[in-house]
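Student: Pasting a structure below so you can have a look.
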Amino acid sequence: DTAVSQTPKYLVTQMGNDKSIKCEQNLGHDTMYWYKQDSKKFLKIMFSYNNKELIINETVPNRFSPKSPDKAHLNLHINSLELGDSAVYFCASGRTGANYGYTFGSGTRLTVV
Amino acid sequence: GENVEQHPSTLSVQEGDSAVIKCTYSDSASNYFPWYKQELGKGPQLIIDIRSNVGEKKDQRIAVTLNKTAKHFSLHITETQPEDSAVYFCAASNQAGTALIFGKGTTLSVSS
């Protein structure tokens with residue numbers, strides 16, 4: 001009955017590889033997000049999708065490509081991984097309008113070696 | 001775009017003391033201000049939020065105040081306990097669906 005679930009929880013991979021992180025929410029929210037948390041704990045928005053439509057695309061290398069097959073899922077695919085991509089990636093979901101609040105997943109710790 | 005500043009970056013208190021974390025924001029259109037608690041190895045958890053039509057909100061030992069004119073808001077934790085130790089983040093957004101913009105976090109340590 002997890003509200004926002006991400007898989008995998010840990011991901012260790014070599015430079016140059018391609019990897020995906022999956023996110024699913026069962027809260028009925030209409031908006032989903034990807035955030036990156038660096039080693040200094042700073043949370044930075046990467047992407048936002050509303051009803052499967054890309055709303056926000058911050059300055060993120062185009063090696064990162066989000067995919068939203070339906071409004072309950074938002075996956076993140078990363079091509080040609082670099083050392084600097086090592087971070088914790090959080091998926092979140094929210095509902096626009098008066099009842100506005102985010103729920104975060106538990107994060108995916110990506111380590112590029 | 002929105003910019004959120006958060007202070008202090010670290011805060012150490014004795015059990016039972018109060019803790020106050022302050023944030024300022026830059027975009028006058030922002031009208032939603034949540035606070036998140038992040039424990040080690042976990043995702044941020046919403047602990048309290050406030051909207052711009054309210055000046056103060058309280059939930060047991062936690063309270064948040066908002067000064068729209070000065071564009072700042074604060075988190076107050078009273079009677080702190082060791083389990084309050086975590087990283088706390090403030091954030092701001094508007095209800096048009098833009099993403100939350102976070103402050104850089106405050107590491108709170110409560111010693112017994």
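The values are calculated or read from the model by the stated rules, or taken from the named source; none is laboratory data. Note that this is a predicted model, so its numbers are computed, not measured. A quick note on method: Cβ atoms are made from the backbone with ideal geometry, for glycine too, and the neighbour counts reach across all protein chains shown.
Student: Note down all Cβ pairs under 7 Å where the first residue falls in the range A:60-77 and is of a type in the set (K, R), the second is assigned to a loop (DSSP other than H, G, I, E, B) and modelled with pLDDT of 95 or more, and they're at least six residues apart or on different chains.
Tutor: These pairs meet every condition: A:R63/A:N79; A:R63/A:S80.
Student: Let me ask something else about it. Would you check if there is a residue in the range B:43-55 being surrounded by 20 or more Cβ atoms within 10 Å (Cβ to Cβ) and in a loop (DSSP other than H, G, I, E, B)?
Tutor: The answer is yes, given that some residue of the range B:43-55 is surrounded by 20 or more Cβ atoms within 10 Å (Cβ to Cβ) and in a loop (DSSP other than H, G, I, E, B).
Student: Another question, then. Which strands (runs of 3 or more DSSP E) does the range A:30-113 wholly contain that include 2 or more residues that are touching a strand residue (DSSP E or B) at 6+ places or on another chain (Cβ under 6 Å), facing chain B (nearest Cβ under 9 Å) and crowded, with 19+ Cβ neighbours inside 10 Å?
Tutor: By residue number, A:31-37, A:43-50, A:87-94, A:102-104.
Student: Can you tell me which of B:V13, B:V110, B:V20 is in contact (Cβ under 8 Å) with a residue 24 or more places away in the chain, in a strand (DSSP E or B), farther than 28 Å from A:S48 by Cα and in contact with a helix residue (DSSP H, G or I) (Cβ under 8 Å, 6 or more places away or on another chain)?
Tutor: B:V110
Student: Residues in the range B:25-32: is at least one among the aliphatic types (A, V, I, L, M) and in contact with a His (Cβ under 8 Å, 6 or more places away or on another chain)?
Tutor: No - not one qualifying residue is present in the range B:25-32.
Student: Also, I was wondering about something else. Of all residues in the range B:16-42 being of a type in the set (K, R) and within 14 Å of chain A (Cβ to nearest Cβ), which is surrounded by the fewest Cβ atoms within 10 Å (Cβ to Cβ)?
Tutor: B:K42
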